[in-house]
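Peer 1: My structure is below; once you've seen it, I'll send some questions.
The values are calculated or read from the model by the stated rules, or taken from the named source; none is laboratory data. Being a predicted model, the structure only gives us computed values, none of them experimental. Positions of Cβ are backbone-derived with ideal geometry, glycine not excepted, and every protein chain shown enters the neighbour counts. These accessible areas exclude ligands, DNA and RNA; they are computed on the full protein's heavy atoms, side chains included. Shrake-Rupley method; radii C 1.70, N 1.55, O 1.52, S 1.80 Å.
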Amino acid sequence: METAEFIWMDGALVPWDEAKVHVLAHTLHYGLGAFEGIRCYRCADGRSAVFRLPEHIERLVQSLHILGVKAPFDEGQIADACLETIRANKLEECYIRPLVFLGAGEMGLAATSNPVHVVVSVWPWGSYLGEDGLANGIRVVTSSFQRFHINTLMTKAKASGHYVNSILASREARNAGYDESLMLDVDGYAAEGCGENLFIARRGVVKTTPIATVLGGVTRDTAIELLKADGIDVVEERFTRDEVYIADEAFLTGTAAEITPIRSLDDRVVGNDGSPGPITKKLQSEYFDVTKGKRPDHSEWLTYV
Ligand code: PMP
């Protein structure tokens, strides 16, 4: 990965190589922590802006609330830390990773007295599923790993430990030569990618998985709003993997993945020839316009650095 100069740790900027934790940090063992993935874009006017910063920080705070973890910094302080870290690293565009975790102290599952640490790292990160994937679409495979049941782990929390599920699915897909996996929910309906929400379009109507079984993606919300503003019906309803096979278009949304078209699912080409369809292409272009400050009607989504 590309690194940067400083990481914000518990209120102070420290050099990248000195941002260290003890091996008995509780979260390292058991996964009880929460994080965010946010992007800062270089805008058309040369300034840099973080896309939907308050919404991401709000989700982080909600994740902590769900997990019962109390952070020693509030929403405003963590948002400021993100901006401060970008400025200190003099990055025009970057990925931003706030993480809240339990440090060393007590061990065992019942531990409650461990210090809670907050760190913010930033680094340059290009397109997550590749430039080619963004332009031409990716090959997706249905995972043998299901998205966890809503009462096994909490889907509304972006919790560190939840990502074991995503990593198993992601590695399985890549080992089999695909770009990404689609995870089904425990009832067998399409849920989401390892780190992305799922959309399909058929006969001009767009469908996305209801929020109940998936992470409430900020990009998902952005996509719904942009599509609706273009007069497209967006339905939040369960659908099956074969509905994806016969969709006219399909795409994934995520802060890292942005708007990534799906070429095929389980080797069934989506649409006529798997190339990105008109709804996907328009949405992708609108998404980059809003993130890069070219849409004054959505300037409320930008926090300038
Ligand atoms: N689902 C999962 C499981 C994710 O990890 C992510 C990435 N945060 C998303 C969906 C998309 O969320 P967002 O658009 O907020 O990045």
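Peer 1: Within the range 21-44, can you find the residues that are over 22 Å from A257 (Cα atoms) and open to solvent by 70 Å² or more (accessible area, probe 1.4 Å)?
Peer 2: Result: V21, H22, V23, L24, L28, H29, Y30.
Peer 1: Follow-up. All but one of (1) open to solvent by 40 Å² or more (accessible area, probe 1.4 Å); (2) in contact (Cβ under 8 Å) with a residue 40 or more places away in the chain; (3) within 28 Å of F73 (Cα to Cα); (4) not charged (D, E, K, R) hold for S121; which doesn't?
Peer 2: For S121, the failing item is (1).
Peer 1: Count, please, the residues in the range 208-233 that happen to be buried (at least 18 other Cβ atoms within 10 Å of the Cβ) and either among the hydrophobic types (A, V, I, L, M, F, W, C) or away from the ligand (no atom under 16 Å from the Cβ) (or both).
Peer 2: Selection size over the range 208-233: 7.
Peer 1: Exactly one of (1) within 13 Å of the ligand (Cβ to nearest atom); (2) in contact with an Asp or Glu (Cβ under 8 Å, 6 or more places away or on another chain) is unmet by Y245. Its number?
Peer 2: Exception for Y245: condition (1).
Peer 1: If I go through the range 153-194 residue by residue, how many of them are within 13 Å of the ligand (Cβ to nearest atom), open to solvent by less than 40 Å² (accessible area, probe 1.4 Å) and either among the β-branched types (V, I, T) or within 20 Å of A256 (Cα to Cα) (or both)?
Peer 2: Summing the residues that are within 13 Å of the ligand (Cβ to nearest atom), open to solvent by less than 40 Å² (accessible area, probe 1.4 Å) and either among the β-branched types (V, I, T) or within 20 Å of A256 (Cα to Cα) (or both) in the range 153-194 gives 19.
Peer 1: Moving to a separate point now. Taking V69, is it more than 16 Å from the ligand (Cβ to nearest atom), in a strand (DSSP E or B), out of contact with any His (no Cβ under 6 Å at 6 or more places or on another chain) and open to solvent by less than 50 Å² (accessible area, probe 1.4 Å)?
Peer 2: The answer is no for V69.
Peer 1: Here is a follow-up. Which members of the range 262-272 meet the condition of being away from the ligand (no atom under 16 Å from the Cβ) and assigned to a strand (DSSP E or B)?
Peer 2: Of everything in the range 262-272, those that are away from the ligand (no atom under 16 Å from the Cβ) and assigned to a strand (DSSP E or B) turn out to be R263, S264, L265, R268, V269.
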